[in-house]
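Only one structure is covered here, and it is reproduced in the block below.
The values are calculated or read from the model by the stated rules, or taken from the named source; none is laboratory data. Note that the coordinates shown come from a computational prediction; the quantities given were computed from them, not determined experimentally. Reconstructed Cβ throughout: ideal geometry from the backbone, glycine too, with neighbour counts over all protein chains shown. Surface areas here come from the heavy atoms of the whole protein model, side chains and all, with no ligands, DNA or RNA. Shrake-Rupley method; radii C 1.70, N 1.55, O 1.52, S 1.80 Å.
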Amino acid sequence: MKPKVWVFVEQEEGKAHPVSWELLGKARELAEALSGEVEALVLGQGVELIAKEAITYGAERVYMIDDPVLEYYRNETYAHGVIKLCEKYRPEILLLGATTMGRDLAGSIATALETGLTADVTGLEIDPETKNLIMTRPAFGGNIMASILCPDHRPQMSTVRPRTFPLPEKDETRQGEIVREDLGLSENEVKVKRVGFIPKEKTVNLEYADVVVSGGRGLGGPEGFKLLRELAELLDGEVGASRAVVDAGWIDYEYQVGQTGKTVRPRVYIACGISGAIQHRVGMQNSDLIIAVNTDPEAPIFRIADLGIVGDLYEVLPELIEAIKKEKSYEQ
Amino acid sequence: MNILVSIKQVPDTTNIRINPETGTLVREGVPSIINPYDASALALASKLKRRYGAKITVITMGPPQAEAALKEAVEYGADRIILLSDRKFAGADTLATSYTLAETIKYLAGEAPFDLLLFGKQAIDGDTAQVGPGVARRLGVPLITYVVKVEKLDTETREIVVHRKTERGIEILKAPLPVLITCDREVGEPPFSPLSELIRAAKSKPEVFSAENPVPLERAKLGLKGSPTRVHRVFTPELKSPGERIFVSEAGVSTVVEKIITALKEKGVL
C-alpha cells in the first residue's frame with residue numbers, strides 16, 4: 001500500500017481556511033518523495049463543495065464526514081472523527097494548520113494515537129535515506145531552529161502556521177475520489193455545547209494582507225500606530241506589531257507578528273522602529289520585500305531588510321504618506 | 001470545589017541570548033518564571049476560590065529548582081503543591097509529559113475528584129499548546145482551549161459557561177464538570193496577596209513525587225524513552241543577505257521616500 005500523506009482541511013461555515021490548501025501543496029512534494037498519495041480529511045456539515053475544492057488543490061482522495069453533529073467545531077466531535085479515520089486508514093503523515101482549531105485538535109489526536117506531534121513547523125522534508133519526515137521549527141523564542149523526527153510512531157504529525165508555505169495553484173480539471181465516512185457519534189453523547197457566539201467586529205486579516213506596516217518600540221508610544229494605520233490603509237494593508245509593544249499594551253495581541261504571534265508573507269513588509277529580535281524575524285522573513293526604518297544602524301532588522309533606512313520614522317513616514325497620496329491623486 | 005492547576009517553570013525567553021561564536025543558547029543569568037499563561041490559570045483559580053470557596057492543588061514537572069514556581073503559586077492561594085521531579089522524567093516531549101501529569105492527576109483525584117483542571121494555553125518556551133489537550137484526552141474529560149473568561153460556574157448543577165477566543169470571535173460554551181480548560185491571559189489578574197499569604201508561601205515546601213512514589217509510573221512511557229519525537233539537529237537560523245542600506249542623514253528624506261515609492265511600485269502595491 002502506498003504511504004498516505006494526509007491534510008486536515010479546516011473549514012468553518014462552509015468556508016475552508018487557506019492554510020489547508022497551502023498544506024496540500026506541501027503534501028504533494030512529500031508524497032512525491034515517498035511515492036505516496038495525497039489525501040484530505042473534510043469534516044463538517046454540508047461540506048461536499050469543500051471536499052471537491054480539496055481535489056482541485058491536489059488531494060487524490062478525500063475522506064469526508066458530513067454530519068449535523070459537526071455543524072460547528074468542537075474538540076470532542078472533530079477529534080473523534082479524525083482519530084477514527086486515522087485508526088482505519090493508518091496515514092504516514094498528518095498535517096494540520098497551526099490555527100486555533102488545528103492546535104486544539106492536533107494535541108488530542110496525537111495523544112489518542114500515542115504518536116509524536118511537532119507544533120508550528122516552518123520546514124518539512126523527507127529524509128532521502130530513512131524516508132522519515134524531518135520537521136523543522138523555531139525553539140526558544142526563535143533563537144534557534146530544531147529539526148525533529150518521529151522515527152518509530154505513525155502518523156508523523158505537524159501543525160503548520162498559515163502563510164508558512166505558498167498557496168499551490170488550483171486546477172479545476174483535476175480528478176479525485178470522495179470517500180464518505182460515518183462519524184458514529186450522536187449529539188446527546190457530546191458534553192460541550194455552544195450556547196452563543198460573538199463575532200469579531202473587525203477581523204484582522206494580517207496573515208493574508210499584501211502589505212503589512214509594523215511598529216515596534218521605536219514608535220515611542222501607542223499613538224504612533226495612528227501613523228502606521230494611515231500608511232497601511234493607503235496601501236490596502238494591515239498594521240502589525242512587535243511582541244515588545246503588544247506586551248507593553250500599546251496594541252492588541254492579534255496584531256503581533258513573530259514566533260508567538262502571526263506569520264506573514266506579504267508582498268511588502270514595512271518594519272517601523274522594530275529592532276528585529278529573532279522571534280519577530282521568524283514571523284516575517286518570508287515577506288517578498290522588507291523595508292525597515294530604524295534609528296539604530298546596528299538593529300538586527302537591517303540584516304534581513306531589502307531596503308534599510310537608518311533614520312527617524314517620524315521624519316520619513318509623514319513624507320512618505322504625502323508622496324503616496326500624491327501618487328494616488330495622479331491615478332484618478 | 002476542587003481545582004487542579006498545572007504549571008511550568010520556564011526561562012524568560014525575552015531574555016535569551018545566543019552566543020554569536022558558538023551559536024548556542026546562553027542560559028546563565030536567564031531568570032526562571034512561571035509560564036505567564038499558567039500564571040493566568042493560577043489567577044483564575046484564585047478568583048474562583050475567593051468567590052465559591054475551593055481547594056487548589058498545583059502540580060509541576062521539572063527539576064528541583066521548579067520548587068520556586070510552586071512556592072509562588074502559594075501566593076495565589078494554592079493549598080497543596082506537588083513537584084514531579086525525577087531524572088527519569090528528563091527529555092520528555094509532550095506525549096510523555098501528558099502521561100506523567102495525567103497519571104498523577106488520576107492518583108490525586110482518587111483522594112478527592114477534581115471539578116476543574118486548569119492549564120495555560122501554551123508555554124512560552126515551547127509554544128506547543130499540546131500538554132493540556134493531551135491530559136484531557138488521557139483523563140477522558142471535555143477540553144476547552146483558549147478560554148478568556150469564565151462567565152458562570154454553577155456548583156449546584158455542576159455546569160460551567162466559558163468564553164473561548166478564536167480567530168473569528170468569541171464562542172460561548174457550556175460544559176458539565178469536570179472539564180479541562182486552557183487559559184489565555186485575559187482570564188484572570190494576579191491577586192494582591194495579603195502578607196499572611198506571602199509568609200505562608202515563603203515557608204511552604206512542596207511534596208515531591210518521583211517516578212515510583214507515590215504513583216508507580218510505567219518506565220517506558222517516561223522522559224526521553226517515552227517520547228516519540230527526537231531532536232535531530234539544532235542550528236541557528238540562516239539569514240538572507242541584507243539589501244541596500246541608506247542613511248537619512250546622508251541621503252535626505254526626499255531621496256529615501258522616492259526609493260520607497262519605487263520599491264512599492266515594483267511590487268505592485270502602489
More than 11 Å from chain B (Cβ to nearest Cβ) and either closer than 25 Å to B:Asp93 by Cα or open to solvent by less than 50 Å² (accessible area, probe 1.4 Å) (or both) - does that describe any residue in segment A:137-158?
no
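Checking the condition within 8 Å of chain B (Cβ to nearest Cβ), in contact with a Leu (Cβ under 6 Å, 6 or more places away or on another chain) and open to solvent by less than 30 Å² (accessible area, probe 1.4 Å), which residue from A:Val268, A:Val293, A:Val239 passes?
Values: A:Val293 fails: within 8 Å of chain B (Cβ to nearest Cβ); A:Val239 fails: within 8 Å of chain B (Cβ to nearest Cβ).
It is A:Val268.
Can you find, within segment B:119-161, the residue that is nearest to the other protein chains (Cβ to nearest Cβ) among those that are over 25 Å from B:Asp12 (Cα atoms) and part of a loop (DSSP other than H, G, I, E, B)?
Filtering segment B:119-161 for residues over 25 Å from B:Asp12 (Cα atoms) gives B:136-144, B:149-161.
Next cut, part of a loop (DSSP other than H, G, I, E, B) only: B:140-142, B:155-158.
Details: B:Gly140: 10, B:Val141: 9, B:Pro142: 5, B:Thr155: 18, B:Glu156: 18, B:Thr157: 13, B:Arg158: 12 Å.
Among those residues, the one meeting the criterion is B:Pro142.
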Does A:Leu85 satisfy the condition of being closer than 29 Å to A:Val195 by Cα and touching a Ser or Thr at 6+ places or on another chain (Cβ under 7 Å)?
no
Please go through segment B:94-118 and pick out each residue that is out of contact with any Pro (no Cβ under 9 Å at 6 or more places or on another chain) and in a strand (DSSP E or B).
B:Leu118
If B:Gly91 satisfies every condition in (1) in a loop (DSSP other than H, G, I, E, B); (2) more than 17 Å from B:Ala43 (Cα to Cα); (3) open to solvent by less than 40 Å² (accessible area, probe 1.4 Å) but one, which is the exception?
(3)
Only residues that are among the β-branched types (Val, Ile, Thr) and modelled with pLDDT under 85: list them for segment B:1-42, please.
B:Thr13, B:Thr14, B:Ile16, B:Ile18, B:Thr22, B:Thr24, B:Val26, B:Val30
Any pair with Cβ under 9 angstrom, 6 or more apart, that starts in segment B:167-191 at a residue that is facing another protein chain (nearest Cβ under 7 Å) and ends at one that is basic (Lys, Arg) and part of a loop (DSSP other than H, G, I, E, B)
B:Glu167/A:Lys200; B:Arg168/A:Lys200; B:Gly169/A:Lys200; B:Ile170/A:Lys200; B:Leu173/A:Arg74; B:Ala175/A:Lys191; B:Pro176/A:Lys191; B:Pro176/B:Arg158
Here is a list of conditions, (1) within 27 Å of the chain's Cα centre (by Cα); (2) open to solvent by 90 Å² or more (accessible area, probe 1.4 Å); (3) polar (S, T, N, Q), and A:Asn188 meets all of them except one; can you say which number that is?
(1)
For segment A:156-185, enumerate the residues that are more than 19 Å from the chain's Cα centre (by Cα) and closer than 30 Å to B:Gly268 by Cβ.
A:Asp171, A:Glu172, A:Thr173, A:Arg174
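Hey, among the residues in segment A:297-327 that are more than 8 Å from every other protein chain (Cβ to nearest Cβ) and in contact (Cβ under 8 Å) with a residue 60 or more places away in the chain, which one's surrounded by the fewest Cβ atoms within 10 Å (Cβ to Cβ)? Spell out the reasoning first.
Step one: filter segment A:297-327 for residues more than 8 Å from every other protein chain (Cβ to nearest Cβ), giving A:298-301, A:313-314, A:317-318, A:321-322, A:325-326.
Adding the requirement that they be in contact (Cβ under 8 Å) with a residue 60 or more places away in the chain leaves A:313-314, A:317-318, A:321, A:325.
On the way: A:Leu313: 27, A:Tyr314: 16, A:Leu317: 22, A:Pro318: 15, A:Ile321: 16, A:Lys325: 11.
This residue is A:Lys325.
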Of all the residues that make up segment A:54-82, how many are more than 14 Å from every other protein chain (Cβ to nearest Cβ) and open to solvent by 40 Å² or more (accessible area, probe 1.4 Å)?
4
Looking at A:Ile93, A:Ile50, which one is modelled with pLDDT of 95 or more, closer than 26 Å to A:Pro199 by Cβ and not acidic (Asp, Glu)?
A:Ile50
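Need a quick list: strands (runs of 3 or more DSSP E) entirely within segment A:83-128 having at least 1 residues that are surrounded by fewer than 21 Cβ atoms within 10 Å (Cβ to Cβ). So that I can check it myself, show each step before the final result.
On the way: elements: A:93-97, A:117-121, A:123-126.
Fully inside segment A:83-128 and qualifying: A:123-126.
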Considering residues of segment B:217-258 that are of a type in the set (Lys, Arg) and modelled with pLDDT of 95 or more only, the residue surrounded by the most Cβ atoms within 10 Å (Cβ to Cβ)
B:Lys221
For the structure I just gave you, tell me whether A:Glu201 is within 14 Å of chain B (Cβ to nearest Cβ), surrounded by fewer than 14 Cβ atoms within 10 Å (Cβ to Cβ) and either touching a strand residue (DSSP E or B) at 6+ places or on another chain (Cβ under 8 Å) or not polar (S, T, N, Q) (or both).
yes
Would you mind stating whether A:Arg90 is in contact (Cβ under 8 Å) with a residue 24 or more places away in the chain and closer than 22 Å to A:Ile178 by Cβ?
yes
Does A:Lys226 count as within 21 Å of A:His17 (Cβ to Cβ), of a type in the set (Lys, Arg) and open to solvent by 60 Å² or more (accessible area, probe 1.4 Å)?
no
Go through (1) more than 14 Å from chain A (Cβ to nearest Cβ); (2) surrounded by 13 or more Cβ atoms within 10 Å (Cβ to Cβ); (3) charged (D, E, K, R); (4) without any contact (Cβ under 8 Å) to a residue 60 or more places away in the chain one by one and return the number of the condition B:Lys267 breaks.
(1)
If you check every pair at least six apart or on different chains, which have Cβ atoms under 7 Å apart with a residue in segment B:222-234 that is in a strand (DSSP E or B) first and a residue that is polar (S, T, N, Q) second?
B:His232/A:Ser147; B:Arg233/A:Ser147
Does segment A:248-256 contain at least one residue that is more than 23 Å from A:Asp120 (Cα to Cα) and open to solvent by less than 50 Å² (accessible area, probe 1.4 Å)?
yes
Say we look at segment B:94-118 and pick out the residues that are within 11 Å of chain A (Cβ to nearest Cβ) and open to solvent by 20 Å² or more (accessible area, probe 1.4 Å); which of these is farthest from A:Leu117 (Cα to Cα)?
B:Thr97
